[in-house]
Every structure is written in C-alpha cells, then in structure tokens.
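Novice: If you scroll down you'll find the structure; I have some questions about it.
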Amino acid sequence: MSQKAHEIYEEAYRVWNPNKVDTFRGFGIEMVMGERSGNRFCDLDQNEYINMHSNGGVFNLGHKNEEVMEALIEGARLVDAGNHYFPSEYKNQLCEAVLKVSPDSMKYVYFLNGGGEANDAAIKFARKATGRKRIISLCCAFHGSTGLSMMAGEENMVKFFHMEVDPALNTHIAYNDLEELEEVLKMNDTAAVLIETIPATAGFPMPIENYHKSVEVLAHKYGALYIADEVQTGLMRSGDMWCCCKLGAEPDIITTGKGLSGGYYPMSGVIMNEKAGGWLKEDGFAHVSSFNSAELGCIVANKAMEILSRPTTKENVAMLTDVFDKGLHEIQSRYSDFLLEIRQCGVIMGLKTAHPMGGPLLMQNLMRNGVWAMMANFDKSAIQFKPGLLMNKETACEVLNRLEAAMKLTVEGM
Ligand SMILES: Cc1ncc(COP(=O)(O)O)c(C=O)c1O
C-alpha cells in the first residue's frame with residue numbers, strides 16, 4: 001500500500017469511520033479508490049478491479065458513464081437544484097420517463113435523494129392512503145437507515161440507536177411465507193406490506209413461484225397497499241425495468257434509487273398509483289424537502305433513464321444473464337461441495353456457499369484476483385454478484401475466470 005493510501009486510511013480511522021475501516025481491515029481489505037471508468041476501478045497503487053457490486057446498483061451504468069457525465073456538466077451550466085415549490089420541464093420529463101416504463105396504474109412519481117428516504121416517504125403515503133399504521137416487512141430485508149425505513153428493517157439496527165420497534169406498528173415476517181403474512185393481515189390494521197423484491201442483504205434468495213402476485217392479492221384482500229422496494233432490483237437489473245413486474249405483480253407503490261442517479265447525483269423515487277398518491281391532490285406541501293426533484297438531479301436521471309430504457313441495454317442484460325448462468329453452473333460443477341446455490345434473476349445474483357463465512361472468504365479472495373464483490377451482510381455464507389448492466393461479454397468471462405481462481409483459493413484455504 002502506498003504512503004498516500006496509508007495516510008488516508010489512518011486519517012479515515014481517526015475522523016471518518018473507525019469501525020468501518022477496522023471491519024474491512026479484518027477481512028484483509030484496504031481500499032482507497034483511485035481512477036475509475038466503466039466496470040473497473042483502480043486503487044491508489046494502480047491495482048485494477050472489476051466492480052461486481054456496483055454499489056448495490058449505483059453503478060448500473062458503470063463508473064463515470066460518459067453520457068451521464070456530459071448531462072451532468074451541461075445540466076450544471078443550465079440549472080442548479082431549482083426550487084421545490086415550482087414545476088419544471090426537467091421534473092415533468094423525468095416523471096413521464098419513469099411512468100412510461102411502469103405499470104399503467106401508476107400515476108405520480110415523487111423524487112427524493114436516497115432509497116431510505118424513498119421508503120420512509122412510501123410508508124407515510126401508504127398510511128395516509130389507508131388511514132392505518134401497521135407496516136409488514138421481511139425480517140431479512142434492508143430498506144435504509146432513515147427513521148421509518150429503518151423500523152421496517154432488521155431489529156439490531158433499530159436497537160443500536162435505542163429506538164423502539166412498536167409491534168403494533170411494525171411486523172416482521174419470514175420471506176416466502178404467505179400464511180404468516182395472511183395471519184397478520186387478518187387483523188385488518190395494516191397500511192402496507194413492504195417487500196424488497198429479492199432481498200439483497202440476505203444474498204438474493206429467490207422467491208417461491210407467484211410470491212409477489214400473492215403478496216399483492218393478499219394485501220388488497222385485507223385493505224392494505226403493496227410497496228415494492230426496487231432500490232436494488234429495479235432499473236433493468238432483472239432484465240425488465242421492475243423486477244416485481246417481471247415476476248407478475250403490480251404494486252401500489254414502487255420505490256427506486258441507487259442507479260437512478262447514474263452514479264452521480266443522488267436521486268430516488270416513489271412511484272404511486274392513484275390511491276397511494278391521492279394525498280398530492282389534498283395537500284401538496286405535506287411532504288417537502290429542499291432537494292426533492294432537484295432540477296440538476298432530474299437532468300442526470302433523465303439521461304440514466306434514457307440509457308436504461310434502450311433496447312440495446314435490455315439485450316445486453318439478456319446476454320450477461322446467459323453468460324453468467326452458463327459460467328456459474330460450470331464453476332459449480334467443479335466446486336459443488338462449496339458452491340451450494342446459484343441464485344439468479346437476470347443479473348441479480350447471489351452465490352450461497354457451504355461455509356458459514358463463505359461470503360467474506362470469497363470477497364477477500366476475489367479482491368486478491370481483481371474483483372470487488374460484497375458479501376451478504378445478513379447471511380455471511382453468501383455473496384452478492386451485481387455486474388454493471390452494460391458490461392461486455394469479454395469482461396463477464398474475465399469475472400468468471402477470476403471467480404474460479406478465488407474459489408480455488410477459498411476451498412484450499414479451508
Ligand atoms: C433494497 C434497499 N432499499 C433501500 C436502501 C437504502 O438506500 P439508500 O442507501 O440510498 O438510502 C438500500 C441500500 O442499500 C437497499 O439496498
């Protein structure tokens with residue numbers, strides 16, 4: 001590690017985030033990002049890595065996507081954040097672009113700054129729409145670190161900051177368990193069922209057949225709304241714009257974020273049908289934030305949406321889906337004792353291993369082989385695999401070769 005990287009690390013330990021620095025050091029990972037472009041980035045010592053985490057989807061279009069960068073630069077000459085009190089052509093354009101690729105029942109889009117904030121807002125909007133308070137969510141999901149979205153997530157995070165999960169307001173259920181869901185819904189006090197379409201932090205365990213459609217039907221049967229958290233699974237990662245729709249469901253609210261920013265300007269969105277968005281007619285000032293629908297963000301997101309909506313992007317995701325499907329199964333045939341499950345829906349991928357710490361072990365050995373991928377925090381036996389959507393076939397094959405080398409190292413070291 002260069003002197004400069006070392007100094008940055010020591011200072012980060014002092015003033016930025018001692019435990020985060022320590023945790024990754026514990027896994028043998030010390031990374032200060034340097035140059036970056038497309039699906040690759042370097043550390044300060046010019047070691048190159050292929051990005052297979054994509055920051056959960058922030059880098060869906062790769063690092064420093066040229067078209068998005070141009071839109072940002074041009075946009076900055078043209079506008080600034082604008083004023084959230086006034087409409088603008090860029091805001092309208094982005095609403096139209098998002099609605100065009102969403103179910104016909106969707107009527108409004110509310111733009112915010114991050115995924116957690118979008119889920120917070122979605123919960124509020126569902127409570128307003130139904131006049132009820134209870135939010136049902138999965139125990140294995142992560143919806144953000146802000147107030148209401150944190151409450152809907154794992155309890156340890158809530159307790160850490162001495163907040164209370166009120167069991168009358170928040171109920172956590174098991175993934176894929178429709179009976180448990182119906183038992184709670186029968187109390188007829190649920191505002192919304194909030195489901196991360198395929199839970200990333202659990203290592204992308206796949207849903208049972210018709211799971212999301214059943215969630216939708218059950219929620220409506222008992223007067224609740226269905227919110228699909230598509231912050232990671234949306235924006236073409238499944239091969240369709242929204243993974244929940246690909247899997248046959250039509251939610252009342254879809255939340256999106258990460259890749260909507262094109263990797264540059266923080267943007268998230270709450271897409272709503274008439275029922276969920278009805279409050280916008282009653283009191284448009286009820287949920288405000290200074291940077292909501294920031295004009296520069298809208299310009300950047302418009303470009304990201306344009307790229308994501310291109311047929312060539314869909315075709316590339318289909319190509320990558322095939323390459324990873326075949327390649328991962330070939331690797332599994334040689335490491336079947338270690339690689340227990342390949343979970344895949346488009347390029348939403350999770351690798352479940354036989355070792356309880358298989359995720360961090362693979363993460364470390366992938367790093368040694370020039371690939372950055374992130375373990376699944378709620379299931380350390382698994383690792384998440386999320387390539388950029390525009391990655392070419394050659395790079396995907398390179399990833400597979402490096403994965404096999406990392407797997408060899410991991411298995412030999414066990
Ligand atoms: C599924 C999901 N929802 C919400 C969030 C929160 O998004 P943000 O970090 O932008 O607040 C995340 C972040 O990782 C996420 O993975």
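Novice: Could you list, in sequence order, the residues of region 1-59 that are open to solvent by 70 Å² or more (accessible area, probe 1.4 Å), over 19 Å from Leu366 (Cα atoms) and not acidic (Asp, Glu)?
Specialist: If the condition is that a residue be open to solvent by 70 Å² or more (accessible area, probe 1.4 Å), over 19 Å from Leu366 (Cα atoms) and not acidic (Asp, Glu), then Gln3, Lys4, His6, Tyr13, Arg14, Val15, Trp16, Asn19, Lys20, Ser37 are the ones that fit.
Novice: Something else now. Of a type in the set (Asp, Glu) and part of a helix (DSSP H, G or I), is that true of Asp337?
Specialist: Numbers: of a type in the set (Asp, Glu): yes; part of a helix (DSSP H, G or I): no.
Taking the combined requirement at face value, the residue does not satisfy it.
Novice: Of the residues Ser102, Ser88, Ser149, which single one is among the small types (Gly, Ala, Ser), away from the ligand (no atom under 16 Å from the Cβ), open to solvent by less than 20 Å² (accessible area, probe 1.4 Å) and closer than 18 Å to Ser289 by Cα?
Specialist: Exactly one residue qualifies, and that residue is Ser88.
Novice: Test Gly370 against the criterion of being farther than 14 Å from Ser54 by Cα, of a type outside the set (Lys, Arg) and touching a residue at least 12 places away in the same chain (Cβ under 8 Å), and give yes or no.
Specialist: Working: farther than 14 Å from Ser54 by Cα: yes; of a type outside the set (Lys, Arg): yes; touching a residue at least 12 places away in the same chain (Cβ under 8 Å): yes.
When the stated conditions are applied, Gly370 passes them.
Novice: Is it true that Ala200 is within 16 Å of the ligand (Cβ to nearest atom) and part of a loop (DSSP other than H, G, I, E, B)? Explain how you work it out, then say what you get.
Specialist: Values: within 16 Å of the ligand (Cβ to nearest atom): yes; part of a loop (DSSP other than H, G, I, E, B): yes.
Criteria met by Ala200.
Quick grid of which residues meet (1) surrounded by fewer than 19 Cβ atoms within 10 Å (Cβ to Cβ); (2) not acidic (Asp, Glu):
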site	(1), (2)
Leu247	no, yes
Glu250	no, no
Ile271	no, yes
Lys281	yes, yes
Gly284	yes, yes
Val300	no, yes
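Novice: Additional query: Considering only residues that are assigned to a strand (DSSP E or B) and either within 16 Å of the ligand (Cβ to nearest atom) or free of Cβ contacts under 8 Å to residues at least 24 places away in the same chain (or both), which ones fall in region 105-135? Working first, answer last.
Specialist: Here is the first cut: in region 105-135, the ones assigned to a strand (DSSP E or B) are 106-112, 134-135.
Those that are assigned to a strand (DSSP E or B) and either within 16 Å of the ligand (Cβ to nearest atom) or free of Cβ contacts under 8 Å to residues at least 24 places away in the same chain (or both): Tyr110, Phe111, Leu112, Ile135.
Novice: Sticking with this one: Scanning for something away from the ligand (no atom under 11 Å from the Cβ), within 13 Å of the chain's Cα centre (by Cα) and among the basic types (Lys, Arg), does region 219-227 turn up at least one residue?
Specialist: Scanning region 219-227 turns up no residue that is away from the ligand (no atom under 11 Å from the Cβ), within 13 Å of the chain's Cα centre (by Cα) and among the basic types (Lys, Arg).
Novice: Follow-up. Let me confirm something: among Tyr211, Tyr222, which residue is touching a residue at least 12 places away in the same chain (Cβ under 8 Å), in the same structural domain as Leu112 (by TED's automatic domain parsing) and open to solvent by 10 Å² or more (accessible area, probe 1.4 Å)? Steps first, please.
Specialist: Numbers: Tyr211 fails: open to solvent by 10 Å² or more (accessible area, probe 1.4 Å).
After ruling out the rest, the residue left standing is Tyr222.
Novice: Of the residues Arg25, Arg36, only one is without any contact (Cβ under 8 Å) to a residue 40 or more places away in the chain, away from the ligand (no atom under 16 Å from the Cβ) and not in a strand (DSSP E or B); which?
Specialist: On the way: Arg36 fails: not in a strand (DSSP E or B).
After ruling out the rest, the residue left standing is Arg25.
Novice: Considering every residue within region 169-188, establish whether at least one is within 16 Å of the ligand (Cβ to nearest atom), surrounded by 24 or more Cβ atoms within 10 Å (Cβ to Cβ) and more than 30 Å from Glu67 (Cα to Cα).
Specialist: Checked region 169-188: no residue is within 16 Å of the ligand (Cβ to nearest atom), surrounded by 24 or more Cβ atoms within 10 Å (Cβ to Cβ) and more than 30 Å from Glu67 (Cα to Cα).
The values are calculated or read from the model by the stated rules, or taken from the named source; none is laboratory data. Every value quoted in this text rests on a predicted model; they were computed, and no experiment measured them. Note: ideal-geometry Cβ built from the backbone for every residue, glycine included; neighbour counts use all protein chains shown. The accessibility values were calculated without ligands, DNA or RNA, using every heavy atom of the protein model including side chains. Shrake-Rupley method; radii C 1.70, N 1.55, O 1.52, S 1.80 Å.
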